[in-house]
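Enquirer: Once you've had a glance at the structure underneath, I'll fire off some questions.
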Amino acid sequence: MDSSESVQPNSEGLSRTVVARPGGIGAFLRGKRLQVAITFVGLLVWLLFVIGAPNTFLQGNIYSAFLTTTPYFGLIAVPLTLVVIAGEIDLSFGSVMAWGMTTFALVYASTNNEWLAFGGCLIAGLVAGGINGLLVVRFGIPSLIATIGTQFFWAGVALVVTNAQPLNMTAILGTPLYSIVVGRVFGAVPMQFIWMVIIGLGTWVLLNRTRFGAHVLLVGDNIESARLMGVKVGYTKIGVFVLVGVAAAFAGFVQSSDVLFFWPTMGQGNLLQTLAAVFLGGTSVFGGFGTVYGTFVGAYIINAIQPGIVASGLTGYWTQVIYGFIIVVSLAVQGVMRRRSV
């Protein structure tokens, strides 16, 4: 079969020349280098922990715990991938988790209806994400600065409204909403894992199979070219911030429902884990390309690090060292690859 060439948009640039050659496993793997790499890293980390702490990592309980707790930040990391691909960053999601749950508490206290309160929680996240997008698009504030500001703002609102008092969530225990969000499938698989899979698949489809996703890639790769091609850059950026806002509010509800308690300071410890999952997964901090699958797997790798370190006999203080190391190394590798591609 003769080779042929065509020009197609992709996640690593505005366009590329594709050479059609006979297919096969090798060709498939070459086209999925980032996904193969993060899968290899995940298997390597797992193998190291199995060797270092076999009594822990050869038992089923640890994996049940991973499925339960990783979505606390993984539900945010997956849509955050789109923000980073678009060439922006959002650091406010931890505070948006608290703001969403504060809204839930207010609506539930007024209506005694968990569904209305849940809807209010998601709307609060949508509003917070929309404000982030407007600050970046309409006022021209760099997203790093804008979302640091909104991080402090929403955290402060949550503390002021709740008077820094926690909320007992036992009222939703046994309700259909509780079962749908954090129940167990077949008595074993936590629903938050199912939701993370659903959101992961939805985000993958959005990025790779829709016009909006193509616009996200184009904006992150070359914003001026995107404008010349008629892409509504502002709406695209606002859209990805809104997605993260809603996801953060939902993640806050998932975490609070699972532990049956809400602290107004929730989410403040999720920043490093979430960013590390995105960058470890192969998403470029420079924008223009990334992989939802990589972020999904990266989230579980990141969540395994602390128990793996402790079970291997080291102190938990090493956890933040490794998180920071992962972020720095990931960014350094991306910088080297970017220079080589120029």
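The values are calculated or read from the model by the stated rules, or taken from the named source; none is laboratory data. Quick caveat, the model's predicted, so the values are computed rather than measured. So basically every Cβ, Gly included, is an ideal-geometry build from the backbone, and we count neighbours across all protein chains shown. These area figures cover heavy atoms from the full protein model, side chains too; ligands, DNA and RNA do not enter into them. Shrake-Rupley method; radii C 1.70, N 1.55, O 1.52, S 1.80 Å.
Enquirer: Could you list, in sequence order, all residues of the range 262-275 that are open to solvent by 40 Å² or more (accessible area, probe 1.4 Å) and over 13 Å from the mean Cα position of the chain (by Cα)?
Expert: Within the range 262-275, Trp263, Thr265, Gln268, Gly269 qualify.
Enquirer: What are the residues in the range 276-306 that are surrounded by fewer than 24 Cβ atoms within 10 Å (Cβ to Cβ) and either within 15 Å of Ala248 (Cβ to Cβ) or free of Cβ contacts under 8 Å to residues at least 24 places away in the same chain (or both), if any?
Expert: Gln306
Enquirer: If you don't mind, there's one more thing I want to ask. When residues of the range 162-213 are filtered for being touching a helix residue (DSSP H, G or I) at 6+ places or on another chain (Cβ under 7 Å), assigned to a helix (DSSP H, G or I) and of a type in the set (A, V, I, L, M), how many remain?
Expert: 10
Enquirer: Is there a residue in the range 94-108 that is over 18 Å from Ala155 (Cα atoms), of a type outside the set (A, V, I, L, M), modelled with pLDDT of 95 or more and in contact with a Ser or Thr (Cβ under 6 Å, 6 or more places away or on another chain)?
Expert: no
Enquirer: In the set Val231, Val219, which member is more than 21 Å from Asn303 (Cβ to Cβ), open to solvent by less than 40 Å² (accessible area, probe 1.4 Å), free of Cβ contacts under 8 Å to residues at least 40 places away in the same chain and not polar (S, T, N, Q)?
Expert: Going through Val231, Val219 in turn, the sole match is Val231.
Enquirer: Scan the range 239-261 and tell me whether some residue there is assigned to a loop (DSSP other than H, G, I, E, B) and open to solvent by 30 Å² or more (accessible area, probe 1.4 Å).
Expert: Yes, the conditions are met somewhere in the range 239-261.
Enquirer: Which of the residues that make up the range 135-149 are touching a residue at least 40 places away in the same chain (Cβ under 8 Å) and open to solvent by 80 Å² or more (accessible area, probe 1.4 Å)?
Expert: Arg138, Leu144
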